[in-house]
Amino acid sequence: MKTVAIINLKGGVAKTTTAVSLAELLAEGDKRRKRPGSRILLFDNDKQGNASRLFGVYDREREAGACQIIKTGRIAGNIRDTQAENLDIVICNYFMELAELEIKADTVNAQHDRYKSALEEIDGQYDYCIIDNPPDLGMNVINAMVAADEIIIPVCLDAYSLDGLEELTEQIDQIRALNPRARLAGVLITDYERSDTSEAAEIWIRTKSGCPVFRQKIRHSKKAKDATFYRKTPLHYSIRSGAAQDYKAFAAEYVQKFGNLAAEERS
């Protein structure tokens, strides 16, 4: 199983939309390219639970699966079905704040590798685990980075996002002391609107940032924002929208560069 963490320390850059869109597209496969659907575990690691809400499984009353996993390092009993074929989910909610406080108080057991241990329990049951993360660097995000094989950074082309990119790449370099296999798969430009400023920013990020950057960009789309009000992804709200088509092209690019061959080997 390959674990992919979607991370940015800045909010509003389409982390959740990227995570759920990639998860859906990998689960559905691509008939045109003769790529079968993969078995996907979507891991909601954000206390806001937006990914959980999108799939109609958010629960505000009880401690969510992600909270129990970070406390125990065990995943049994914490995976939920979704109505999407080939796609299961670990849900999250605001109990994550209490869970983080609890593990920070644990001075006996390691705090950083709870997700890694839990995901090792189900290695072979899924092809990919896609982790959606909050815009911070709490212990749950550190756990996600320690568990990850690859990290994808969605960014908008504004000064704040570009400033935060350097800080995040430094954190990724530091995390390799705990997880040597972690690599930056690439930066994904999101909410793209063509202008002289955005074109200059794109040239900088592709040539001067020192980070790999996906060829595909995700265009700004009003329908992508509208989709959030209906608890849907761009793919299911408006498949013909620019953002939905761009995410399809991004998923194809990701599979071409980094795809897990397990699903193909099963077919």
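The values are calculated or read from the model by the stated rules, or taken from the named source; none is laboratory data. Source: prediction; values computed, not measured. When we count neighbours, we look across all protein chains shown, and the Cβ atoms used for this are built from the backbone with ideal geometry, even at glycine. We work out accessible area using only protein heavy atoms, side chains counted, and drop any ligands, DNA or RNA first. Shrake-Rupley method; radii C 1.70, N 1.55, O 1.52, S 1.80 Å.
Scanning region 156-166 for residues that are in a helix (DSSP H, G or I), hydrophobic (A, V, I, L, M, F, W, C) and more than 26 Å from C129 (Cα to Cα) returns A159, L162. All conditions but one from (1) open to solvent by 20 Å² or more (accessible area, probe 1.4 Å); (2) closer than 28 Å to F258 by Cβ; (3) of a type outside the set (A, V, I, L, M); (4) not in a loop (DSSP other than H, G, I, E, B) apply to E100; the one that does not is (2). Within region 51-83, the set of residues being touching a residue at least 60 places away in the same chain (Cβ under 8 Å) and either touching a helix residue (DSSP H, G or I) at 6+ places or on another chain (Cβ under 6 Å) or on the phi > 0 side of the Ramachandran plot (or both) comprises A51, L54, G56, I70.
Within this structure, D44 fails the test of being at pLDDT below 95 and among the acidic types (D, E). Condition test on K217, is it part of a loop (DSSP other than H, G, I, E, B) and touching a strand residue (DSSP E or B) at 6+ places or on another chain (Cβ under 9 Å)? In short, yes. Of the residues I153, I172, the single one that is out of contact with any Cys (no Cβ under 6 Å at 6 or more places or on another chain), open to solvent by less than 30 Å² (accessible area, probe 1.4 Å) and either modelled with pLDDT of 95 or more or part of a loop (DSSP other than H, G, I, E, B) (or both) is I153. Of all residues in region 29-64, those satisfying the criterion of being of a type in the set (A, V, I, L, M), closer than 13 Å to I130 by Cβ and not in a helix (DSSP H, G or I) are I40, L41, L42.
Criterion applied to A243, A200 was being assigned to a helix (DSSP H, G or I) and open to solvent by less than 40 Å² (accessible area, probe 1.4 Å), and the one residue passing it is A243. State whether one or more residues within region 33-41 are under 14 Å from the mean Cα position of the chain (by Cα) and of a type outside the set (D, E, K, R). Yes: one or more hits. Screening the candidates I142, I130 for the property of being in contact with a strand residue (DSSP E or B) (Cβ under 9 Å, 6 or more places away or on another chain) and either small (G, A, S) or under 19 Å from T16 (Cα atoms) (or both) yields one hit, I130. Could you list, in sequence order, all residues of region 26-40 that are surrounded by fewer than 24 Cβ atoms within 10 Å (Cβ to Cβ), in contact (Cβ under 8 Å) with a residue 24 or more places away in the chain and not small (G, A, S)? Within region 26-40, E28, D30, R33, R35, P36, R39 meet the criteria.
The set of residues in region 120-142 being crowded, with 20+ Cβ neighbours inside 10 Å and charged (D, E, K, R) consists of D127, D132.
Of all residues in region 106-119, those being open to solvent by less than 20 Å² (accessible area, probe 1.4 Å) and either closer than 17 Å to E170 by Cα or in a loop (DSSP other than H, G, I, E, B) (or both) number 0.
In region 1-25, the residue that is surrounded by the fewest Cβ atoms within 10 Å (Cβ to Cβ) out of those that are of a type in the set (G, A, S) and part of a loop (DSSP other than H, G, I, E, B) is G11.
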